[in-house]
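Novice: There's a structure below that I have some questions on.
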Amino acid sequence: MSDVVTMRDVVVIGGGCYGTFYAAQLSKALTKGKARFRKVIVVDRDPRCRARLELGEAPERAFVESDWTAYFDAFLGEAAPARPGEPQDYIVPSPLMPHLMCEWVVRRARTRWPARAVAIAPVPGTLGTPYDRAAPAPDHTRYVSFADWICPTHCVEPAVCPAIGRPRTWEMSEAVAELAGRLRGAGEPVSGPALFVCRHHVFGVGTFAVDAVLAGDALVAAAGASGEPASVLIGTVSSCHGRPLPPMTPAERSAILRHARDLFNAGDYWLAHEALETVWRSIIREDEAAVWQGLIQAAAALLHRERGNDHGVEVVGGAALAKLGGPQRPDVEFDTVTFRAQLARALTGEGDPPRLEFRADDRPQPGS
């Protein structure tokens, strides 16, 4: 059996830190003969996104400047299931993206039935996972995870869990399917589930097939075809998590932030970058996430500065300054206004490296 992964087009959602990593890994897989595909398409509304600046255009890579919602309305609206024997299109999700595929399916349903009420409702029942939270109305997204620990960055969810060193005995898609079965057994008119399952595909890149999204849309169409009230359970999941990676607890966040501060101020920029990224991965709100991405890019720019990479300092440092601009956000514990001013001076060689410090009104208390 061939170990070469064959795809058609691969859509990478977002051209930031994660999208840059995924697009670069796919190019490496292509170069090393581990993957075959027609094109990697990076979708970001920023024409100067990190992936474009660092990777650039290539025969196997294209960039689309677009809002994700508008892009998928066009892309998925024109898509058709792959024919037997033909390679499929795939989507590489971002840990920070909203529930884009569910949103697309809902928009399709509202277009299909303009006179009917189509709404997202809370998911009833329990999955028995250690982490289980629901977003407030009108979102109602259910966030679940079998992990009650912080997972490694870019974990491929192997048979042996790297976080605990023991076999992975859980599978989220099975748990959601069992929940749907229990709901039907209790008399709930639930169809599905329609699951968009992200699996490790090649070189640390997880994907789900476009065909799975189209199948989910078809499932909704079939469930509502009679005109009677119907419910469809929809999820974007991996083996361990269900939409998206779970937010961390306040205590976990505080401990990681103190660790990140200590690493950064000691000049361990790479390790600080990793610690800050752990916090960034847990954030759902895009505007807050951008500030944390700016701090991560600041660490990367200072690492470039140490290594004498002037181009990296200019590109990544400029991106960091842009994301850290504006007033202090109350939901970001670090003093970003002072930090940005120090960073700007340091990147031009006019000052010492910036220090990452908590805001005066948000310093952790001793023992916290």
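Coordinate-derived values only; no laboratory data. Values in this document were obtained by computation on a predicted structure and should not be read as measured data. For neighbour counting, all protein chains shown are included, and Cβ atoms are generated from backbone atoms with ideal geometry for every residue, glycine included.
Novice: For the stretch 3-56, which trypsin sites (Lys or Arg not before Pro) pass both filters: DSSP loop (anything but H, G, I, E, B) and at most 16 other C-beta atoms within 10 Å? Don't skip to the end; give the middle numbers.
Specialist: On the way: sites: R8, K28, K32, K34, R36, R38, K39, R45, R48, R50, R52; in loops: R8, K32, K34, R38, R45, R48.
When the trypsin sites (Lys or Arg not before Pro) of the stretch 3-56 are filtered for loop state and at most 16 Cβ neighbours within 10 Å, R8, K32, K34, R38, R45, R48 remain.
Novice: How big is the antiparallel share of DSSP beta bridges in the chain, given as a percent to the nearest 5?
Specialist: Working: 16 of 37 bridges.
Beta bridges within the chain, antiparallel portion: roughly 45 percent.
Novice: Normalised by the residues of the stretch 206-353, what does the relative contact order come to in percent, with Cα pairs under 8 Å and at least six apart?
Specialist: Numbers: 135 pairs, mean separation 19.7, N = 148.
Value for the stretch 206-353: 13 percent.
Novice: How big is the gap, in Å, between the Cα center of the stretch 291-318 and the Cα center of the stretch 163-209?
Specialist: 38 Å
Novice: May I ask you to order 159-165, 123-129, 313-319 by the average number of other C-beta atoms within 10 Å around their residues, highest value first? Present the calculation step by step, with values, prior to reporting the outcome.
Specialist: Working: 159-165: 11.7, 123-129: 16.0, 313-319: 20.3.
Ranking the peptides 159-165, 123-129, 313-319 by packing returns 313-319, 123-129, 159-165.
Novice: Residue-wise, which Karplus ³J(HN,Hα) couplings in Hz belong to the stretch 174-191, taking 6.51 cos²θ - 1.76 cosθ + 1.60, θ = phi - 60°, and x for glycine or proline?
Specialist: Values, residue by residue: 5, 5, 5, 4, 5, 4, 4, x, 5, 5, 5, x, 8, x, 6, x, 9, 9 Hz.
Novice: Now a separate question. Given R₀ = 30 Å, what would the calculated FRET efficiency be for A119 paired with K34, taking r from the Cβ atoms and rounding to 0.05? Before the final figure, lay out the partial values.
Specialist: On the way: r = 43 Å, r/R0 = 1.45.
Approximately 0.10, to the nearest 0.05.
Novice: Right, another one. Calculated from DSSP H runs of 4 or more alone, at -39500 (n - 2.57) each and per residue, what is the 222 nm mean residue ellipticity of the chain, nearest 500? List each step's numbers first, then the result.
Specialist: Values: 11 runs with 148 residues, N = 368.
Using -39500 (n - 2.57) per qualifying helix, the result is -13000 deg cm²/dmol.
Novice: Mind listing which trypsin sites (Lys or Arg not before Pro) in the stretch 282-349 are in a DSSP loop and have 13 or fewer other Cβ atoms within 10 Å?
Specialist: Working: sites: R285, R305, R307, K323, R340, R345; in loops: R285, R307.
When the trypsin sites (Lys or Arg not before Pro) of the stretch 282-349 are filtered for loop state and at most 13 Cβ neighbours within 10 Å, R285, R307 remain.
Novice: Going by how many other Cβ atoms sit within 10 Å of their own, how do L295, L179 line up, fewest first?
Specialist: On the way: L295 28, L179 22.
Going from least to most buried by this count: L179, L295.
Novice: To continue, here is another question. Rounded, prolate or oblate for the stretch 259-364? Axes are the square roots of the Cα gyration tensor eigenvalues, ordered a ≥ b ≥ c, and the cut-off for rounded is a/c under 1.5.
Specialist: Rounded, because the longest to shortest axis ratio a/c is under 1.5.
Novice: Once you put a point 7 Å from the Cα of R182 and another 7 Å from the Cα of E57, both along the Cβ direction, what distance in nm separates them?
Specialist: So the two model labels end up 5.3 nm from each other.
Novice: By a straight-distance test (C-alpha under 30 Å), which lysines pair with K323 as possible cross-link partners, with residues fewer than eight away in the same chain excluded?
Specialist: By straight Cα distance, K323 reaches K28, K39.
Novice: Right, another one. In the set [x] 26.7; [y] 22.2; [z] 23.6, which value of Kirkwood radius over Cα pairs in Å was calculated from the structure you see?
Specialist: [y]
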